[in-house]
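Participant: Take this structure first; my questions come after.
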Amino acid sequence: MLIRILKSSFLKRPKPVLLVLLSIVMGSAVATAFLGISGELSHKMALELRSYGANIVLEPAAGDAGALKSDDLPKIKTIFWKHNIVGFAPYLFGQVDFSSAAGRQRGVLAGTWFGRPLQVPGEPDSIQGVKVTAPWWELDGRWPETPDEAVIGAGLAKRLKLAPGSDIVATAAGKERRFRIVGVASTGGFEEEQLFAPLAEVQALLNKPGQLSRVLVSALTVPMDDFGRKDPSRMTREEYEKWYCTAYVTSVAKGVEEVMSGSRAKPIWQIASAEGALLKKLDSLMLLLTGIALFSAACAVSSSLMAAMAKRSPEIALMKTMGADRLQIAAIFLGETLVISVIGGLLGYLAGDRLAVVISRTVFDSTVTSPLWLFPTAIGAALVVALAGSAAPLKRALAIEPVRVLKG
Amino acid sequence: MAAIIETSGLTRSYGDICALKPLDLCVPEGEWLTVMGHSGSGKSTLLNLLGGLDRPSGGSIHVRGTDLATLSEDGLARFRRDCVGIIFQQHHLIPYLTALENVMMSQYFHSVPDEAEARHALERVGLGHRLKNRPGELSGGEQQRVCIARAIINSPRLLLGDEPTGNLDHKSTTMVMELLRELRDEERFSIVMVTHNQEVAAWGDRTIHMDDGCLVREERTKSC
Ligand SMILES: Nc1ncnc2c1ncn2[C@@H]1O[C@H](COP(=O)(O)OP(=O)(O)O)[C@@H](O)[C@H]1O
Ligand SMILES: [Mg+2]
């Protein structure tokens, strides 16, 4: 009977029902779309943020006395979190004497990769080096391409009066190496006082074949939370597994550390935490917007149900006269609400999914695949909207006094 | 004979307006009582109190021994569905449900809908051929007969009618009254009916006249 009442009441009042349905579809669609793209948005944002530079630094565990091995470098692309490694750059530092046409000076020579193709069996080819980890460097000139070419920091270049095209000679332990300057780098940091030359040349000059002093890694990570901040050495086995399988900056660092022998990896916290904070804010913003969308949908539902209620009050009064108690009246209204919200949630999910695809294509130029949990979320959102929206109208329905409404 | 309705000092006022002045009324089981009076004399007020649709300002009503004042709102709803059938002047059917569904709705609130029983009730009021019609497709007399079928479907002990024939022509009125008499003779329920119509009053056992909230006169109908 309840079903028959509901069916007839839907079929006979298509307009208000459609109005309510529309509000629910809109609310659930917007919620679905927002939540659907929020993952994508966070991902894109995190990628953008990677241009701030590396967020993990690897140094010899033994301190200045030790060294890392350049042979280990390709293994970085084989760790558990290999897909999250945006790029890395190895460095070997040494004190040398620089001499140019303008004079002589002691300074730091850094051997590195600029943009070196890296082939790892079973992994897609990639380019690694400073170009990838430090995209914010402003380069006057170009990146080195041959073993003879080098990039000089802007401060050092000024003092030695060097410009692209001029030559510089580095001397260490009696050995000499001449480089042609092809670019002057402005970074705003200590790099401005250094000369950057190809890693293999510097290793030969400093007599440290295959050795590294530092590796900077740029990795996509999730913001740290309370669990991520726990000390991994005190975790239970399950906790450790969960920690290891979450892309915290610390767990990615741990993974890199494990493949680079003799290394200790540390997050660069000023980068990692700023990034985490920003991503968290982005997530809360999306949630807030979703909440607002749901709230306004609930208001719309409430007002159209209120209007429908005014029209239906004789009907409700009649039911009460026949002896319907409050539970029975509520069952009819909540039954209607339930049916409308399931249909609305379904339509809203379909519409929101399309909307997410369109948004991500126009804004991010990429495709999203909506996660599975989005479907129950959409239905849930519709239910919340419908229930919140029908609370006030239901209260009014229960308060109807048949005597006043049915007065002859 | 036991009384189905017993009121003592029953009053109902709306602010300053005293719609019903202290009333002592006793209706024996099975009686057909007619209430007459001018418009605004408190007839509907009395009927609503008897049906548990309204609460008195003072005094007491007992229906079948139950003190209505002690019932909660849901308790009154249960009282209405178990003991009372109500017919109004306006037909008050649900427009989007068929005649059959309108009757079944009353069963639904009472217990469980039983289509066969509902169909039988409509056949008894002579509407066996209009089961699937919606109220808009029925004449005034037919609609009122649907209301009667709906009012008696749960076998109430008390049938209340607030000018049930007020909108009907002479022929329909006679038909409805004959039907009510027939049903009453079979089911032995009591009737309290408000009317302006002297002829309609003649169908009852006893008539009370009201004026300005007071019971002013009472007479036995000679035909019974
Ligand atoms: N809800 C109400 N609020 C205020 N006054 C009312 C209300 N219902 C009825 N009355 C007043 O009570 C008196 C009796 O009304 P009613 O019982 O409907 O009369 P009748 O049915 O005999 O025409 C009238 O004066 C009417 O104005
Ligand atoms: Mg009246």
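Participant: Here are the criteria: (1) more than 22 Å from residue B:78 (Cβ to Cβ); (2) more than 16 Å from ligand 2 (Cβ to nearest atom); (3) among the hydroxyl-bearing types (Ser, Thr, Tyr). Tell me which single one residue B:165 does not satisfy.
Facilitator: Exception for residue B:165: condition (2).
Participant: For the stretch A:6-20, give me each residue that is more than 7 Å from every other protein chain (Cβ to nearest Cβ) and not basic (Lys, Arg).
Facilitator: Across the stretch A:6-20, the qualifying residues are A:6, A:10, A:11, A:14, A:16, A:17, A:18, A:19, A:20.
Participant: Right, something else. So in the stretch A:8-21, with the set limited to residues that are in contact (Cβ under 8 Å) with a residue 40 or more places away in the chain and out of contact with any Gly (no Cβ under 6 Å at 6 or more places or on another chain), which one is most open to solvent (accessible area, probe 1.4 Å)? First the steps, then the outcome.
Facilitator: Of the stretch A:8-21, the ones in contact (Cβ under 8 Å) with a residue 40 or more places away in the chain are A:9-10, A:13, A:16-17, A:19-21.
With out of contact with any Gly (no Cβ under 6 Å at 6 or more places or on another chain) added as a condition, the list becomes A:9-10, A:13, A:16-17, A:19-20.
Values: A:9: 0, A:10: 39, A:13: 39, A:16: 43, A:17: 24, A:19: 98, A:20: 8 Å².
Among them, the one singled out is A:19.
Participant: Among the residues of the stretch B:105-117, write down those that are part of a helix (DSSP H, G or I) and within 10 Å of chain A (Cβ to nearest Cβ). First the steps, then the outcome.
Facilitator: First, pick out the residues of the stretch B:105-117 that are part of a helix (DSSP H, G or I): B:105-110, B:115-117.
Residues satisfying the conditions are B:105, B:106, B:107, B:108, B:109, B:110, B:115.
Participant: Scanning the stretch B:156-175 for residues that are more than 16 Å from ligand 1 (Cβ to nearest atom) and within 13 Å of the chain's Cα centre (by Cα), which turns out surrounded by the most Cβ atoms within 10 Å (Cβ to Cβ)?
Facilitator: Looking at residues that are more than 16 Å from ligand 1 (Cβ to nearest atom) and within 13 Å of the chain's Cα centre (by Cα), I get B:159.
Participant: While we're looking at this one, here's another question. So, restricting to helices (runs of 4 or more DSSP H) that lie completely within the stretch A:292-408, which ones have at least 2 residues that are within 14 Å of chain B (Cβ to nearest Cβ) and crowded, with 17+ Cβ neighbours inside 10 Å? Break it down into steps so the answer makes sense when it comes.
Facilitator: Details: elements: A:326-359, A:374-399, A:402-405.
Where helices (runs of 4 or more DSSP H) fall fully within the stretch A:292-408 and carry at least 2 residues being within 14 Å of chain B (Cβ to nearest Cβ) and crowded, with 17+ Cβ neighbours inside 10 Å, they are A:326-359, A:402-405.
Participant: Would you be able to tell me the number of residues in the stretch B:103-127 that are touching a Gly at 6+ places or on another chain (Cβ under 7 Å) and over 12 Å from residue B:146 (Cβ atoms)? If you could, list the steps in order and put the result at the bottom.
Facilitator: To start, the set of residues in the stretch B:103-127 that are touching a Gly at 6+ places or on another chain (Cβ under 7 Å) comprises B:109-110, B:122.
From what is left, the residues that are over 12 Å from residue B:146 (Cβ atoms) are B:109-110.
So the answer is 2.
Participant: Let me ask you something else. Could you count how many residues in the stretch B:41-50 are more than 15 Å from residue A:405 (Cα to Cα) and either facing chain A (nearest Cβ under 8 Å) or more than 10 Å from ligand 1 (Cβ to nearest atom) (or both)?
Facilitator: Going through the stretch B:41-50 one residue at a time, the tally reaches 1.
Participant: Let me ask you something else. Residue B:14 is checked against (1) away from ligand 1 (no atom under 16 Å from the Cβ); (2) within 14 Å of chain A (Cβ to nearest Cβ); (3) among the aromatic types (Phe, Trp, Tyr) and fails just one. What number does that condition carry?
Facilitator: So the condition that residue B:14 fails would be (1).
Participant: When the residues of the stretch B:115-130 are narrowed to those that are over 23 Å from the mean Cα position of the chain (by Cα) and surrounded by 14 or more Cβ atoms within 10 Å (Cβ to Cβ), which ends up nearest to residue B:78 (Cα to Cα)?
Facilitator: B:115
Participant: When you check residue A:243 against the structure, is it open to solvent by less than 30 Å² (accessible area, probe 1.4 Å), hydrophobic (A, V, I, L, M, F, W, C) and out of contact with any Asp or Glu (no Cβ under 7 Å at 6 or more places or on another chain), yes or no?
Facilitator: On the way: open to solvent by less than 30 Å² (accessible area, probe 1.4 Å): yes; hydrophobic (A, V, I, L, M, F, W, C): yes; out of contact with any Asp or Glu (no Cβ under 7 Å at 6 or more places or on another chain): yes.
Spelling it out, residue A:243 is indeed open to solvent by less than 30 Å² (accessible area, probe 1.4 Å), hydrophobic (A, V, I, L, M, F, W, C) and out of contact with any Asp or Glu (no Cβ under 7 Å at 6 or more places or on another chain).
Participant: Might you let me know whether the stretch A:37-56 holds any residue that is more than 14 Å from every other protein chain (Cβ to nearest Cβ), surrounded by fewer than 16 Cβ atoms within 10 Å (Cβ to Cβ) and more than 30 Å from residue A:135 (Cα to Cα)?
Facilitator: no
Participant: Picking from B:71, B:53, which residue would you name as being within 13 Å of another protein chain (Cβ to nearest Cβ), under 25 Å from residue A:399 (Cα atoms), among the hydrophobic types (A, V, I, L, M, F, W, C) and away from ligand 1 (no atom under 13 Å from the Cβ)? Break it down into steps so the answer makes sense when it comes.
Facilitator: On the way: B:53 fails: away from ligand 1 (no atom under 13 Å from the Cβ).
So the residue among B:71, B:53 that is within 13 Å of another protein chain (Cβ to nearest Cβ), under 25 Å from residue A:399 (Cα atoms), among the hydrophobic types (A, V, I, L, M, F, W, C) and away from ligand 1 (no atom under 13 Å from the Cβ) is B:71.
Participant: Take the stretch A:106-138 and flag every residue that is out of contact with any Pro (no Cβ under 7 Å at 6 or more places or on another chain), open to solvent by less than 50 Å² (accessible area, probe 1.4 Å) and under 17 Å from residue A:190 (Cβ atoms). So that I can check it myself, show each step before the final result.
Facilitator: To start, the set of residues in the stretch A:106-138 that are out of contact with any Pro (no Cβ under 7 Å at 6 or more places or on another chain) comprises A:106-110, A:115-117, A:119, A:121-124, A:126, A:128-138.
If we keep only those that are open to solvent by less than 50 Å² (accessible area, probe 1.4 Å) as well, we get A:107-110, A:115, A:123, A:126, A:128-130, A:132-134, A:137.
Listed by number, the residues that qualify are A:107, A:108, A:109, A:110, A:130, A:133, A:134, A:137.
Participant: Right, residue B:79: open to solvent by 10 Å² or more (accessible area, probe 1.4 Å), within 16 Å of ligand 2 (Cβ to nearest atom) and touching a Leu at 6+ places or on another chain (Cβ under 7 Å) or not? Spell out the reasoning first.
Facilitator: Numbers: open to solvent by 10 Å² or more (accessible area, probe 1.4 Å): yes; within 16 Å of ligand 2 (Cβ to nearest atom): no; touching a Leu at 6+ places or on another chain (Cβ under 7 Å): yes.
So residue B:79 fails the test.
Participant: Which number in (1) buried (at least 23 other Cβ atoms within 10 Å of the Cβ); (2) closer than 26 Å to residue B:17 by Cβ; (3) away from ligand 2 (no atom under 16 Å from the Cβ) marks the one condition that residue B:106 misses?
Facilitator: Only one criterion is unmet by residue B:106, namely (2).
Participant: Just name the residue that is nearest to residue B:5 (Cα to Cα) out of those in the stretch B:91-104 that are more than 7 Å from chain A (Cβ to nearest Cβ) and assigned to a helix (DSSP H, G or I). First the steps, then the outcome.
Facilitator: Step one: filter the stretch B:91-104 for residues more than 7 Å from chain A (Cβ to nearest Cβ), giving B:91, B:93, B:95, B:98-100, B:102-103.
Filter again for assigned to a helix (DSSP H, G or I), leaving B:99-100, B:102-103.
Details: B:99: 31, B:100: 31, B:102: 28, B:103: 26 Å.
Checking each candidate, the answer is B:103.
Participant: While we're looking at this one, here's another question. Looking at residue B:180 and the list (1) within 15 Å of ligand 1 (Cβ to nearest atom); (2) open to solvent by less than 30 Å² (accessible area, probe 1.4 Å); (3) of a type in the set (A, V, I, L, M, F, W, C), which single condition is not satisfied?
Facilitator: Of everything listed in (1) within 15 Å of ligand 1 (Cβ to nearest atom); (2) open to solvent by less than 30 Å² (accessible area, probe 1.4 Å); (3) of a type in the set (A, V, I, L, M, F, W, C), residue B:180 misses just condition (1).
Participant: Which residue, of B:59, B:37, is more than 10 Å from every other protein chain (Cβ to nearest Cβ) and surrounded by fewer than 21 Cβ atoms within 10 Å (Cβ to Cβ)? Let's see the steps before the verdict.
Facilitator: Values: B:37 fails: surrounded by fewer than 21 Cβ atoms within 10 Å (Cβ to Cβ).
Within the list B:59, B:37, the selection yields B:59.
Participant: Determine whether the stretch B:45-56 contains at least one residue that is more than 13 Å from ligand 2 (Cβ to nearest atom) and surrounded by fewer than 22 Cβ atoms within 10 Å (Cβ to Cβ).
Facilitator: yes
Participant: Next question, about the same structure. Go through the stretch B:142-183 residue by residue and tally those that are among the charged types (D, E, K, R) and in a helix (DSSP H, G or I). If you could, list the steps in order and put the result at the bottom.
Facilitator: So the first thing to find is which residues in the stretch B:142-183 are among the charged types (D, E, K, R), and the list is B:142, B:145, B:150, B:157, B:162-163, B:169, B:171, B:178, B:181-182.
Subsequent filtering for residues that are in a helix (DSSP H, G or I) retains B:142, B:145, B:150, B:171, B:178, B:181-182.
Residues that pass the stated criteria total 7.
Participant: Identify, by number, the condition in (1) touching a residue at least 24 places away in the same chain (Cβ under 8 Å); (2) surrounded by fewer than 19 Cβ atoms within 10 Å (Cβ to Cβ); (3) closer than 24 Å to residue A:249 by Cβ that residue A:63 doesn't meet.
Facilitator: Failed condition: (1).
Participant: Here are the criteria: (1) within 16 Å of ligand 1 (Cβ to nearest atom); (2) at positive phi; (3) more than 13 Å from every other protein chain (Cβ to nearest Cβ). Tell me which single one residue B:197 does not satisfy.
Facilitator: Checking residue B:197 against (1) within 16 Å of ligand 1 (Cβ to nearest atom); (2) at positive phi; (3) more than 13 Å from every other protein chain (Cβ to nearest Cβ), the one that fails is (2).
Participant: Among the listed residues A:351, A:399, identify the single one that is away from ligand 1 (no atom under 16 Å from the Cβ) and not basic (Lys, Arg). Outline the logic, then answer.
Facilitator: Details: A:399 fails: away from ligand 1 (no atom under 16 Å from the Cβ).
Of the residues listed, the single one that is away from ligand 1 (no atom under 16 Å from the Cβ) and not basic (Lys, Arg) is A:351.
The values are calculated or read from the model by the stated rules, or taken from the named source; none is laboratory data. All values derive from a computational prediction rather than experimental measurement. As a convention, Cβ positions derive from the backbone with ideal geometry for all residues, glycine included, and neighbour counts pool all protein chains shown. These accessible areas exclude ligands, DNA and RNA; they are computed on the full protein's heavy atoms, side chains included. Shrake-Rupley method; radii C 1.70, N 1.55, O 1.52, S 1.80 Å.
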